[in-house]
Amino acid sequence: MATIGSDIKAAKQYLEQNDVIGFPTETVYGLAGNALNEAAILKIFEVKNRPKFDPLIVHTHSVETLDAYVLQIPDVLKACMDVFWPGPLTVLLDKKSCIPDLITSGLSRVAVRIPNHSLAIELLQSIDFPLAAPSANPFGYVSPTSALHVDTQLGNQIPYILNGGNCKVGVESTIIGIENNKVVVYRKGGVSIEQLEEITGTVQVNEHSSSNPQAPGMLKSHYAPNKQLVLLQPNVFLTKSENVGYLGFNQHQISIPQKYQLLLSDTGNLQEAAHNLFDYLRKIDTWDIDTIYVSLVPEMGIGRAINDRLRRACAK
Ligand code: TXA
Ligand code: MG
């Protein structure tokens, strides 16, 4: 198992040796390595068992450092960066040649983000390269929101996990870019569409597809536990209770034993629901039952990102 600690110096040392480590952010934990070093990048793909066509997000600590990695920044994206950074927003920008093609899977744009987590920023400030970090889970499985989640699945493959506590936001960053002068959302996440549109005006939301591996975050079945998850239609109540569990928003199912039910937020708070989502998906995966029914949350604010993850978790 990996060492779990909050020693920035140890983390820095591993990264300088082109090793990869667990890395806390406000969204989910990342699997971090030197974004400018091919050996480190290859290790990230290998540990995650991630196909090379799925590009990586580059993390940095300040807008100033970006100049070294990207070409011009369109005004509307700069405005979003000013409002939401540090925070759960990733921006696609035309890359300079120092960013290896392995990072972008050969695409001309690189995804960049400044995380809103003090330990992550401290680490990024202590090194002189940016960090590539996909979520620290095996490819296709539920993302990790605690150091323990990372350790459980990847601990035997990495030396160190920087422990920054439980991730506050709980779903990944929102990914945006520009196409034909329009702001496009490629993945719904911690910054809601409503928040974005206050800055940008109407955005285009690219819904995921399983057939277009260029769109980010994108495979139809993703974020999926091993258990069979079934999406329950609104206002449908279960009558069969044997061998069945339930993951709901704020209301229990009467027919199912309480020990096989989890509510994302019993007060109906969407932020709380996002914060609990991946931890609960991991918990229900350990239950000794066959099928878990899942209800969507209200399709608004961060609820849209939650529903996106729930739909994909059910799309096996
Ligand atoms: O919140 C987050 O974004 C977390 C934390 C660790 O920062 N990271 C994360 O990384 O979710 P990952 O690799 O699990 O998801 C990143 C998504 C992928 O689906 C990938 O396809 C997309 O971003 N992506 C990365 N670079 C891209 C690029 N150049 N063009 C299009 N999509 C890109
Ligand atoms: Mg991921």
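The values are calculated or read from the model by the stated rules, or taken from the named source; none is laboratory data. Model, not experiment: these values are computed from the prediction. FYI the Cβ positions are ideal-geometry reconstructions off the backbone, even for glycines, and counts take in every protein chain you see. Just the protein is used for accessible areas: all its heavy atoms, side chains included, with ligands, DNA and RNA removed. Shrake-Rupley method; radii C 1.70, N 1.55, O 1.52, S 1.80 Å.
Annotations
- Where residue 45 falls short, out of the listed (1) within 25 Å of residue 143 (Cα to Cα); (2) free of Cβ contacts under 8 Å to residues at least 60 places away in the same chain; (3) more than 16 Å from ligand 2 (Cβ to nearest atom): (3)
- The numbered conditions (1) open to solvent by 10 Å² or more (accessible area, probe 1.4 Å); (2) in contact (Cβ under 8 Å) with a residue 40 or more places away in the chain; (3) touching a strand residue (DSSP E or B) at 6+ places or on another chain (Cβ under 9 Å) are all true for residue 110 except (1).
- Residue check, residue 152 surrounded by fewer than 17 Cβ atoms within 10 Å (Cβ to Cβ), within 19 Å of residue 47 (Cα to Cα) and not hydrophobic (A, V, I, L, M, F, W, C): yes
- Among the residues of the range 82-94, those identified as surrounded by fewer than 21 Cβ atoms within 10 Å (Cβ to Cβ) and part of a helix (DSSP H, G or I) are 82, 83.
- Looking only at the range 48-81, and only at residues there that are open to solvent by less than 60 Å² (accessible area, probe 1.4 Å) and among the polar types (S, T, N, Q), the one that is farthest from residue 167 (Cα to Cα): 65
One line per residue, one yes/no per condition, for (1) more than 25 Å from the chain's Cα centre (by Cα); (2) among the charged types (D, E, K, R); (3) modelled with pLDDT of 75 or more:
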residue: 209; (1), (2), (3): no, no, no
residue: 218; (1), (2), (3): no, no, no
residue: 222; (1), (2), (3): no, no, no
residue: 230; (1), (2), (3): no, no, yes
residue: 235; (1), (2), (3): yes, no, yes
residue: 240; (1), (2), (3): yes, yes, no
residue: 243; (1), (2), (3): yes, no, yes
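- Flag if residue 292 is more than 20 Å from residue 142 (Cβ to Cβ) and β-branched (Val, Ile, Thr): no
Rundown of residues vs (1) near ligand 1 (Cβ under 8 Å from one of its atoms); (2) not in a loop (DSSP other than H, G, I, E, B), yes/no style:
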{"position": "107", "(1), (2)": "yes, no"}
{"position": "111", "(1), (2)": "yes, yes"}
{"position": "116", "(1), (2)": "no, no"}
{"position": "119", "(1), (2)": "no, yes"}
{"position": "144", "(1), (2)": "no, no"}
{"position": "148", "(1), (2)": "no, yes"}
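- Sole residue being surrounded by fewer than 17 Cβ atoms within 10 Å (Cβ to Cβ), at pLDDT 95 or above and of a type in the set (S, T, N, Q), chosen from 173, 97: 97
- Qualifying position, being within 16 Å of ligand 2 (Cβ to nearest atom) and out of contact with any Lys or Arg (no Cβ under 7 Å at 6 or more places or on another chain), among 111, 120, 79: 111
- Selected residue (criterion: farthest from residue 136 (Cα to Cα)) from residues of the range 240-268 that are polar (S, T, N, Q) and surrounded by 15 or more Cβ atoms within 10 Å (Cβ to Cβ): 253
- Here 130, 74, 134 are screened, and the one residue that is of a type outside the set (Val, Ile, Thr) and within 15 Å of the chain's Cα centre (by Cα) is 134.
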